[in-house]
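Here's the structure, in structure tokens; my notes come after.
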Amino acid sequence: MRLITTTFGELDKIQRQIEQVFEEVAGSGNPYGQLSYGQPPVELRETEETLLLLALLPGIDSNDLDIQATREAVLIAGKYSYEEPTDKSAYFRSEFPRGQFRRVISLPLPIQNTEVKADYEHGILTLTLPKAPEVINKVVKVSVLEPRDSESPDTETANDSKASAS
């Protein structure tokens, strides 16, 4: 039985090495980049008035989430609260993320970050990100002010006083 366990462990190690080579040569195949271990996968969609950002966060308490938004990006941070088994069992494999995570998602267009709404249900975080109003490139006529006389109003008043005194 020990031989089988060792063989599967070696095969798993070889598979990870092959995957690493493919990622280095061909890229991850994901146009939006590669996830680091423990980072939640996300989906970003566009509607007419909003961007919808969904993050898969199973088993995380909503009180353990920190969500921040700027006009150009969203930060999702939190802590996985998976409890370690207390018995003396040994792992053959564990892909459960543990500890804290932090993910910054760059947005394809500006949002109204003060109007972001969050909903967390069944382990899925849904952020509704209202789009910022478009800035229209508008041509505006600029008027040039007429030059002022070289005499200031104080000088004119003084000259008027001298003329009336004579």
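Bear in mind these aren't lab numbers, they're just calculated from the coordinates by the rules spelled out. These numbers come from a predicted model, not from an experiment. We place every Cβ from the backbone using ideal geometry, glycine too, and count neighbours over all the protein chains shown.
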Q | Separation in nanometres of the label points that stand 7 Å from Cα toward Cβ, at SER94 and LYS79 | A | 1.7
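Please give me the summed charge of the neighbours of LYS131: other residues whose Cβ is under 13 Å from its Cβ, Lys and Arg +1, Asp and Glu -1. Provide the component values of the computation, followed by the final result.
Values: positive: ARG45, ARG71; negative: GLU46, GLU48, GLU49, GLU72, GLU115, GLU134.
Net charge in that neighbourhood comes out at -4.
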(Q) If I stretch the segment between LEU54 and ARG71 completely, what's the gain in nm (0.36 nm per residue apart, minus their alpha carbon distance), one decimal? (A) 4.4 nm
Q: State, to one decimal in nm, how far the label point of ASP64 lies from the label point of THR114, with both points 7 Å from Cα in the Cβ direction.
A: 3.3
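Set the Förster radius R0 to 45 Å, insert the Cβ-Cβ distance between HIS122 and THR86 as r into 1/(1 + (r/R0)^6), and round the FRET efficiency to 0.05.
Approximately 0.95, to the nearest 0.05.
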**Q.** Cut-off 18 Å, label 7 Å out along Cα→Cβ of VAL104, residues of the stretch 46-79 by amide N
**A.** 66-78
**Q.** Local net charge near ASP66, Cβ-Cβ under 10 Å (Lys/Arg +1, Asp/Glu -1)
**A.** +1
Q | Charge sum, other residues only, whose C-beta stays under 15 Å from PRO110's C-beta, Lys/Arg counted +1 and Asp/Glu -1 | A | -3
Q) Taking LYS131 as the anchor, which lysines have their alpha carbon closer than 18 Å to its alpha carbon, excluding any fewer than eight residues away along the same chain? A) LYS117
